[in-house]
Amino acid sequence: MALYSEKVMDHFRNPRNVGIIENADGVGEVGNPVCGDIMKIYLSISDGVITDVKFETFGCGSAIASSSMATELIKGKPVSEALTLTNKAVTEALDGLPAHKLHCSVLAEEAIKSAVKDYYDKNGIDYDPAEFPDCESCAHCADGTV
């Protein structure tokens with residue numbers, strides 16, 4: 001069995017939505033200090049819908065594939081729906097990731113949430129802070145297990 005699925009390899013070799021959105025409505029950047037991966041997500045939002053999304057990722061193939069897939073999963077969706085995207089959904093959409101690479105899908109989820117939080121903050125939109133946990137204090141970031 002191959003270490004990576006065909007979908008992971010496709011999104012690594014042909015990533016979707018790579019780039020920067022100038023004057024983005026929301027920008028989120030997260031990183032994993034253990035592996036060194038860094039993801040930055042840019043959102044354009046109109047009437048509560050993500051009309052465009054781009055990413056920049058410094059990291060391994062799994063990080064690039066996770067970023068690419070995550071952007072595909074939220075593009076054209078309401079912001080509220082993007083907030084429900086989980087790392088598990090990203091992993092499943094990629095037909096799986098090796099256990100030692102699951103942290104890449106976690107970073108994709110966190111980058112999207114960070115970008116949405118930035119959008120909310122910029123626009124004075126009320127939100128429940130519990131929806132946006134502080135990554136630095138999460139167990140998986142602190143101990144590097146995910």
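Here are some notes:
- All conditions in (1) out of contact with any Asp or Glu (no Cβ under 7 Å at 6 or more places or on another chain); (2) in contact (Cβ under 8 Å) with a residue 40 or more places away in the chain; (3) more than 14 Å from residue 103 (Cα to Cα) hold for residue 64, with the sole exception of (3).
- Test result for residue 80, assigned to a helix (DSSP H, G or I) and farther than 13 Å from residue 11 by Cα: yes
- Of all residues in segment 93-146, those being at pLDDT below 80 and either part of a helix (DSSP H, G or I) or surrounded by 20 or more Cβ atoms within 10 Å (Cβ to Cβ) (or both) number 8.
- All told, residue 22 falls short of being in a helix (DSSP H, G or I) and without any contact (Cβ under 8 Å) to a residue 60 or more places away in the chain.
- Selection within segment 1-32 - acidic (Asp, Glu), more than 17 Å from the chain's Cα centre (by Cα) and surrounded by 15 or more Cβ atoms within 10 Å (Cβ to Cβ): 10
- Residue that is surrounded by the most Cβ atoms within 10 Å (Cβ to Cβ), among those in segment 33-58 that are in a loop (DSSP other than H, G, I, E, B) and in contact with a strand residue (DSSP E or B) (Cβ under 8 Å, 6 or more places away or on another chain): 37
- Residue 90 at pLDDT 85 or above and surrounded by 17 or more Cβ atoms within 10 Å (Cβ to Cβ): yes
The values are calculated or read from the model by the stated rules, or taken from the named source; none is laboratory data. As the structure is a computational prediction, the values presented were derived from the model and not from experiment. So basically every Cβ, Gly included, is an ideal-geometry build from the backbone, and we count neighbours across all protein chains shown.
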